[in-house]
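Have a look at the structure below, then the notes.
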């Protein structure tokens with residue numbers, strides 16, 4: 001009877017004991033690895049190589065100093081593509097007739113939104129970050145933050161104002177392409193396409209103004225003091 005009770009107690013405690021040992025050994029192995037890596041750094045690197053932090057900071061600063069160029073390039077590509085859609089692509093599609101334009105729209109939109117959304121985010125964020133690094137010139141600081149904010153604002157403009165029209169046209173157009181009947185008559189489809197073109201013109205205007213501001217700001221780069 002006593003032997004059976006002893007065996008039962010051992011079996012009950014075994015899982016807890018094993019878990020405790022695993023946790024203890026894992027902690028010990030991690031601590032050992034941590035200290036080995038820490039102390040080995042003193043033997044693997046020469047004294048002059050330990051001064052890498054200053055050099056890394058200088059390299060990072062040199063990269064950050066070029067953010068205005070990166071923002072301007074991204075803004076220029078966005079503004080150029082948006083202007084092409086507004087001035088050339090949409091009018092050309094409209095000349096082919098409402099039916100063709102309606103079917104063409106989702107292909108145009110699906111190919112453009114990934115590139116344009118990425119460029120807007122890149123131009124906006126890099127422009128704002130560059131503006132925060134401008135020291136001693138409130139005008140240039142506000143110029144870059146404002147230009148960057150214009151591109152960031154394209155996100156809520158698209159999602160809040162244009163997205164419903166985009167989705168309405170795209171969903172119905174795909175149904176028509178599959179051979180189903182459109183939910184809108186010819187006049188309604190033409191009005192929706194014209195509404196989208198008008199909204200996109202606003203996006204084009206914002207991007208062109210923002211790009212122009214960045215071009216002007218970039219021309220003043222050599223006179224700026226940049227740091228945090």
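Structure summary
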read-out	value
Those residues of segment 172-190 which are within 35 Å of the chain's Cα centre (by Cα) and exposed (fewer than 12 other Cβ atoms within 10 Å of the Cβ), in sequence order	178
Counted residues, segment 204-228 - those being in a helix (DSSP H, G or I) and either closer than 17 Å to residue 127 by Cβ or modelled with pLDDT under 95 (or both)	17
Which listed residue is assigned to a helix (DSSP H, G or I) and closer than 15 Å to residue 67 by Cα, from 163, 199, 192, 143	143
Residues of segment 81-124 satisfying the condition of being more than 21 Å from residue 194 (Cα to Cα) and loosely packed, with under 15 Cβ neighbours inside 10 Å	114, 115, 118
Selection status of residue 179, over 23 Å from residue 75 (Cα atoms), in contact with a strand residue (DSSP E or B) (Cβ under 9 Å, 6 or more places away or on another chain) and modelled with pLDDT under 95	no
Complete set of residues in segment 206-226 that are over 14 Å from residue 68 (Cβ atoms) and surrounded by 15 or more Cβ atoms within 10 Å (Cβ to Cβ)	206, 207, 208
Options 132, 138: the member that is assigned by TED's automatic domain parsing to the domain that holds residue 102, surrounded by fewer than 12 Cβ atoms within 10 Å (Cβ to Cβ) and either modelled with pLDDT of 95 or more or more than 30 Å from residue 99 (Cα to Cα) (or both)	138
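The values are calculated or read from the model by the stated rules, or taken from the named source; none is laboratory data. Please read all numbers here as calculations on a predicted model, not as lab measurements. For neighbour counting, all protein chains shown are included, and Cβ atoms are generated from backbone atoms with ideal geometry for every residue, glycine included.
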